[in-house]
1. With +1 on the Cβ of every Lys and Arg and -1 on the Cβ of every Asp and Glu, and nothing else charged, how large is the dipole of the chain about its Cα centre, in debye rounded to the nearest 20?
2. Springs between alpha-carbon atoms under 10 Å, Gaussian network over the chain: tell me which of Leu131, Leu39, Leu290 tops the mean-square fluctuations.
3. Give me, ordered by chain and number, the residues 5 or more places off Trp314 or on other chains with an amide H under 5 Å from its own placed amide H.
4. Using a 10 angstrom cutoff on alpha carbons, build the Gaussian network for the chain and name the most mobile of Lys123, Lys187, Lys415.
5. Need the full-extension length gain, Ala173 to Arg117, defined as separation in residues times 0.36 nm minus the C-alpha distance. One decimal, nm.
6. Could you work out the relative contact order of the chain? I mean the mean sequence separation of Cα pairs under 8 Å and 6+ apart, divided by the number of residues, in percent.
7. Once you charge only the Cβ atoms, +1 for Lys and Arg and -1 for Asp and Glu, what is the size of the charge dipole of the range 70-124 about its Cα centre, to the nearest 20 debye?
8. Give me Arg51, Arg160, Arg196 sorted ascending by neighbouring Cβ count inside 10 Å, so fewest comes first.
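No value in this document is a laboratory result; all are computed from the given coordinates. Please read all numbers here as calculations on a predicted model, not as lab measurements. Don't worry about glycine lacking a Cβ; one is built from the backbone with ideal geometry, like all the others, and counts go over all protein chains shown.
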Amino acid sequence: MRKLMVAVLCCLVFLAPVFGQAGGDQVQWRKYAGTSLYLGMNKHIYTTTIRKVIDEFTAKTGIKIVIDEYAQDEFMNKRLVDLSSGAGAFDIVMMDSIATQAAQAGWIENLDPWFERKDLVDKKAYNFQDLSPSFRKAFTVNGSTYAIPVSGEKQILYYRKDIFKEKNLKVPATFDELFETAKTLKKEYPAGILLRGQKIHTVSNTTGVIWSYGGKIADDPAKYNKAVFNSPEGIKGADMYTTMAREFGPAGVGNYTWYECVSDFQQGKAPMYLDMSVFMSQFEDKEKSLVAGKVGYAPMPAGPAGSKPTGGAWAISMSTASKKKDAAFMFLSWVTSPEVCVKLALEGGISARSSVLGHPSLAAKYPADWLSAFSAGLAADVPELTFPLISKNEEYLDTIGTAFNSLILKKQDVKAVLDDAAIKVTKIFQESK
């Protein structure tokens, strides 16, 4: 695995240029001094980390940054209202799988023309191609860029090294092993494993298990004609995830988002947690985590089709309703630049830039097994994007998430539940053309 990690990171570094400003920087950094920009942000490790660099931007430009931060569900509601109404309360908006819908509706700016503004960004030094193509694709609509990815993530397994050593447990390499280990640990802990269970929060994690069992969400990842997650393989994958959550998860798992999962794991309430790689720095935070230094990191376990972790990225975009777009783009391009992304990665272990993921400072600071697990996820061959690039994204998440949530809340016929959901999702696909 270490060889895989080294190979992946070396390739990333080889593809990335050397950091540093290119000559001929024509950016007019002080032109918009006195402007205040408002950022609509999810309560996320990325938001925490950018707070640590905004003073540097203000000192450089005279532009004040105001962050409006909300827990994810509240944020998504406020974002939808602000963007769809054209109110323009937010100049910069954190973006996820709603990007296609937002772009097609004209709520967020096509950023490509903005990168031609020499007074706002040094395009050569910015090095757009350094942004990981796999993460960038989710925010590209009809060939144009509508948001810049900022936090690349892949599913991994978090586990308590001390507990596994004490009980002489093997780190699960397959889902069958994960199931049995979670079953054993549930006898002694409030949860044998932490998994998301709340409706839309289940979607990304369950999808990776479905893939690992040989299933897919859509028949054609380019056209989204028909939902096929109710295939025999999809049913087995969904059954594995939802059964583990229901039988070995914490009390109230049906209401668990990643916030509750992270909090419980930080407090030592569960020995295992399957989720995105982005939470590592929160577990290693000695001031907030009771398990700092005790956490092990492993690739997502394999199913019959192998280990096929989902991945994704949060991004930042610019509202078309903003009346301060020049200043907003100056901040957006600055905070996603290679130099600043290194600083953010060292604070929070997150980035969507290839060069940053292979940066020696990151390798020196964070656990080698985390880098190895994340690298394995990046190298995994997956059948489709985690979230379909469709305009009715929220309807999709609610429909499929409700199905997974219902299976977590109550043992029932998995095929019947997924058959019903597949009919509804197919209709959503067709209406999103």
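1. On the way: 51 positive and 47 negative charges, 85 e Å.
So the dipole magnitude of the chain works out to roughly 400 debye.
2. The residue that fluctuates most here is Leu290.
3. Placed amide hydrogens put Val150, Ser151 under 5 Å from Trp314.
4. Fluctuation is largest for Lys187.
5. Details: separation 56, 0.36 × 56 = 20.16 nm, distance 4.92 nm.
Extending this stretch completely gives an extra 15.2 nm.
6. Details: 843 pairs, mean separation 113.5, N = 433.
Over the chain, the number comes to 26 percent.
7. Values: 6 positive and 10 negative charges, 30 e Å.
Once rounded to the nearest 20, the dipole reads 140 debye.
8. Arg51, Arg160, Arg196
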